[in-house]
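The next block holds one structure in the form of structure tokens; read it before the comments.
The values are calculated or read from the model by the stated rules, or taken from the named source; none is laboratory data. Just so it is clear, the model here is predicted, and its values are computed rather than measured. Using ideal geometry, Cβ is built from the backbone for each residue, glycine included, and neighbour counts are taken over all protein chains shown.
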């Protein structure tokens with residue numbers, strides 16, 4: 001929920017602040033999107049849901065008649081409600097638990113899933129560094145349908161614990177929290193995020209910065225996405241950017257630091273814009289993970305053709321494709337296909353899926 005307003009997550013008190021800033025919960029919409037797709041793909045299934053906004057309402061909107069279990073004890077709902085829901089489902093027991101959220105929700109599910117029932121995450125958080133999520137709600141529906149028809153292998157996948165306070169202070173502090181049994185389809189389930197800046201890559205980043213420098217145009221607003229790759233490039237070009245935020249630079253000067261969606265759009269008013277992003281190492285996402293401030297509105301304002309993807313050859317070697325999951329299916333379709341990526345060795349074409 002906090003992505004577009006620049007909060008980098010909504011664990012704990014940050015959820016209240018996100019709402020005060022005008023953020024809207026993304027999980028309900030993503031849940032409905034997944035369930036509507038599931039109705040198209042899957043055979044008849046018995047769908048259990050926790051009450052009201054924790055599953056029941058979304059299932060009804062998608063056209064299901066869910067079997068409602070458990071009860072909500074307080075408003076707003078908390079992590080304890082998530083854990084109680086998982087405990088209810090494991091006591092039935094169900095064949096599969098599908099949850100919607102980010103890394104924090106994945107940790108709650110893991111804590112409560114003592115029975116080891118297979119799970120699948122539908123991505124709807126800001127931080128999704130864990131390897132338990134489908135690459136999109138649509139992909140999640142396809143995975144669940146395949147599981148229902150023919151079964152799928154189950155693998156133990158990493159659940160990551162990202163320090164949200166450090167994240168908001170532009171420090172990435174992540175550790176392995178544990179593992180969840182996840183139904184697995186290699187092309188449709190994301191991997192765990194990998195850090196990529198090592199000694200070999202530092203040299204590649206210098207080369208990449210030299211290749212990027214001639215394309216920088218005067219008077220153009222450059223929306224610089226998060227990540228160590230873009231930060232290193234910015235610093236090589238004389239710009240001091242945040243590690244995990246989105247910054248806007250014009251003529252070598254930062255005009256918006258750690259900006260939310262609204263500030264980015266204001267900075268783009270009356271001028272041309274470019275978006276510079278790098279794939280998440282090990283996952284391949286260029287939009288929709290960790291950079292939700294670069295919203296569909298921002299991308300459309302700049303133009304799909306003005307999204308500049310940068311990556312070192314080392315990072316690209318670890319990816320089978322690039323991915324987008326902006327939450328806008330029409331925009332995602334426009335972004336998919338072959339795209340140029342600027343690397344330390346020049347431009348290469350890579351498939352966006």
- Task: Hey, can you tell me all the residues within the range 117-169 that are out of contact with any helix residue (DSSP H, G or I) (no Cβ under 7 Å at 6 or more places or on another chain) and more than 20 Å from residue 192 (Cα to Cα)?
- Result: 146, 147, 148, 149, 150, 151, 165, 168, 169
- Message: Tally up the residues in the range 105-130 that are out of contact with any strand residue (DSSP E or B) (no Cβ under 6 Å at 6 or more places or on another chain) and surrounded by fewer than 24 Cβ atoms within 10 Å (Cβ to Cβ), please.
- Response: 6
- Item | One residue from 42, 59 being farther than 15 Å from residue 124 by Cβ, buried (at least 18 other Cβ atoms within 10 Å of the Cβ) and at pLDDT below 95 | 42
- Item | Failed condition for residue 265, given (1) out of contact with any strand residue (DSSP E or B) (no Cβ under 9 Å at 6 or more places or on another chain); (2) farther than 23 Å from residue 26 by Cβ | (2)
- Message: Can you find a residue that is surrounded by fewer than 19 Cβ atoms within 10 Å (Cβ to Cβ), within 19 Å of residue 231 (Cβ to Cβ) and in contact with a helix residue (DSSP H, G or I) (Cβ under 8 Å, 6 or more places away or on another chain) anywhere in the range 320-329?
- Response: no
- Residues that are within 24 Å of residue 162 (Cα to Cα): find the helices (runs of 4 or more DSSP H) completely inside the range 21-134 holding 1 or more of those. 27-41, 79-91, 103-112
- Message: Looking at the structure I just gave you, is residue 80 more than 25 Å from the chain's Cα centre (by Cα) and under 29 Å from residue 175 (Cβ atoms)?
- Response: no
- Message: When you scan the range 221-234, do you find a residue that is without any contact (Cβ under 8 Å) to a residue 24 or more places away in the chain and touching a helix residue (DSSP H, G or I) at 6+ places or on another chain (Cβ under 8 Å), even just one?
- Response: no
- Evaluate the range 132-150: report whether one residue or more is surrounded by fewer than 17 Cβ atoms within 10 Å (Cβ to Cβ), without any contact (Cβ under 8 Å) to a residue 40 or more places away in the chain and farther than 23 Å from residue 226 by Cβ. yes
